[in-house]
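Colleague: Take this structure first; my questions come after.
The values are calculated or read from the model by the stated rules, or taken from the named source; none is laboratory data. From a predicted model like this one, the values you see are computed outputs, not experimental measurements. Every residue, glycine as well, gets a Cβ built from its backbone with ideal geometry; the counts of neighbours run over all protein chains shown. Ligands, DNA and RNA are excluded from the accessible area calculation, which covers all protein heavy atoms including side chains. Shrake-Rupley method; radii C 1.70, N 1.55, O 1.52, S 1.80 Å.
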Amino acid sequence: MKILLPSIYYPFIGGVSIHVENLIKNLNKLDDFEFHILNYDFDCTIENSFDNVTVHKVPYFSKLRGPSYILNGYKIGKKIIKNEKIDLIHSHYAAPQGFLGAILGKKCNIPTVLTLHGSDVLNLSKNTFGKYFFNYAVYNSEKIICVSEFLKNNLKTNFNIDSNVIYNGFDEELFNPLDNDKNYGLFVGSLVEQKGIFYFLESIKNIDFDFKIIGNGPLYNKILDFIKVNNINNVELLGTKTQSQVSEYLKNCSFLVLPSISEGLGMTIIEAFACKKAVIGSNVGGIPELIKDEINGYIVPPKNTKILEDKINMLVNDKNLRKSLGNEGLNYSKNFSWRLSSKKTYDIYDSLLNR
């Protein structure tokens, strides 16, 4: 089976890249596949993890990244479809990738699948310019996958579109318990507004405990300035880390904090659970589908630094509490498996190709 994947991918680090990598790894256990990824152009050299994956660089202009990716991706994609005899297109994120996939599918008469990851539904669909690309992608894709029930309900309520929920999994080889607790709280995520990073910093500045932030993004320098101006001495900004490195930080942390303002699901929560860690997360998006309040972690109102500080202090001051919450998290993580997620995805492919 030959699949064209319009998607962001390595060397660009983020939830979608990790999702696509794990999906490919587990789909390869189910059938003979050949994957062609339409990725943003990049300068560096990367080592391909799979023999059956070809990453095609799509040139773009930084100030017109979406439109230029669509234009150049269409030209490149058409050639790949013709030369490689592609069977199916599976796009990740509504636009520009899903928009490109939908156009190629219609033009070349190929079945299309679109996975919505969160901010495309929650933010892009409301953007003055982006909503037109979003609407085209969701109304012209034959099957849509959402990574949470929250996204599925949002799509049905606001766009009257049915979709399938397939949760993200976690890499069981990387994320597993080490039973270490080296006395630091951890944040892992892109440094963007919707992750609520400044509320996190505000909530920890008076807590006598160490914290680490893993991630990169447009707010990196603003975060550095915020830390300096507010004289926050208990936090370390670590920048981008590989999945292997993230797993080590998770295995050794005391707990994870995800203070998002909006969130499709929160894959890092599942990974923290798999490492037997307690988690504090905001009551937004798909996070309450993962965190059961006072059972495997704590749910807090978004943007409420006082309540967030109180919950963090509870975990800081009670090692046995974070252990018991972590034990429940580990049990809950068994509900999330890339093996199961890839099988459900494979069934969707099969339904489109054998109708």
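Colleague: For the chain, with a Gaussian network of springs between Cα atoms less than 10 Å apart, report the residue from P259, P218, P301 with the top mean-square fluctuation.
Modeller: Fluctuation is largest for P218.
Colleague: State, to one decimal in nm², a quarter of the convex hull surface area for the C-alpha atoms of region 128-198, i.e. the direction-averaged projected area.
Modeller: 8.0
Colleague: Is the shape of region 184-334 rounded, prolate or oblate, going by the alpha carbon gyration tensor and its root eigenvalues a ≥ b ≥ c, with a/c under 1.5 for rounded and a/b larger than b/c for prolate?
Modeller: The shape class here is rounded.
Colleague: Counting only heavy atoms of the protein chains, get the accessible area per residue of the chain (1.4 Å probe) and round it to a whole Å² value.
Modeller: Here the residues of the chain average 44 Å² of exposed surface.
Colleague: Determine the relative contact order of the chain: mean sequence separation of Cα pairs under 8 Å and six or more apart, normalised by residue count, in whole percent.
Modeller: That works out to 15 percent.
Colleague: Relative contact order, percent, of region 184-334 when contacts are C-alpha pairs under 8 Å separated by at least 6 residues?
Modeller: For region 184-334, the relative contact order is 25 percent.
Colleague: If you roll a 1.4 Å probe over region 184-334 with all protein chains in place, what percent of the accessible area is carbon or sulfur?
Modeller: 45
Colleague: Determine the shape class of region 1-41: with a ≥ b ≥ c the square roots of the Cα gyration tensor eigenvalues, call it rounded for a/c under 1.5, and otherwise prolate if a/b is greater than b/c, oblate otherwise.
Modeller: oblate
Colleague: Among the trypsin sites (Lys or Arg not before Pro) in region 74-140, which ones are in a DSSP loop with at most 10 other Cβ atoms within 10 Å of the Cβ? Mind listing them?
Modeller: K85
Colleague: Which of the chymotrypsin sites (Phe, Trp or Tyr not before Pro) found in region 76-148 are loop residues per DSSP with 12 or fewer other Cβ atoms within 10 Å of their Cβ?
Modeller: F129
Colleague: Using θ = phi - 60° and the Karplus relation 6.51 cos²θ - 1.76 cosθ + 1.60, list the HN-Hα couplings for region 286-298 in order, rounded to whole Hz, with x at every Gly or Pro.
Modeller: x, 4, x, 6, 9, 8, 9, 4, 6, 10, 10, x, 10
Colleague: Given axes a ≥ b ≥ c from the Cα gyration tensor, I'd like to know whether the chain is rounded (a/c under 1.5), prolate (a/b larger than b/c) or oblate.
Modeller: Since a/c reaches 1.5 and a/b is larger than b/c, the shape of the chain is classed as prolate.
Colleague: Compare S125, S49, S333 in a GNM of the chain, Cα atoms joined below 10 Å, and give the one with the largest fluctuation.
Modeller: Ranking S125, S49, S333 by mean-square fluctuation puts S49 first.
Colleague: Taking amide H atoms as placed 1.01 Å from N in the peptide plane, list the residues 5 or more away in sequence, or in a different chain, whose amide H sits under 5 Å from that of I145.
Modeller: Answer set, sorted by chain and number: L114, T115, L116, N164.
Colleague: Separate question: Please report the relative contact order for region 1-79, taking Cα pairs under 8 Å with a sequence separation of at least 6, and give it as a percent rounded to a whole number.
Modeller: So the answer I get is 28 percent.
Colleague: Where does each of I287, I46 land when they are ordered by accessible area, with a 1.4 Å probe and the largest first?
Modeller: I46, I287
Colleague: Using the alpha-carbon centroid of each, what span in Å lies between region 169-209 and region 94-135?
Modeller: First find each Cα centre; the distance between them is then 31 Å.
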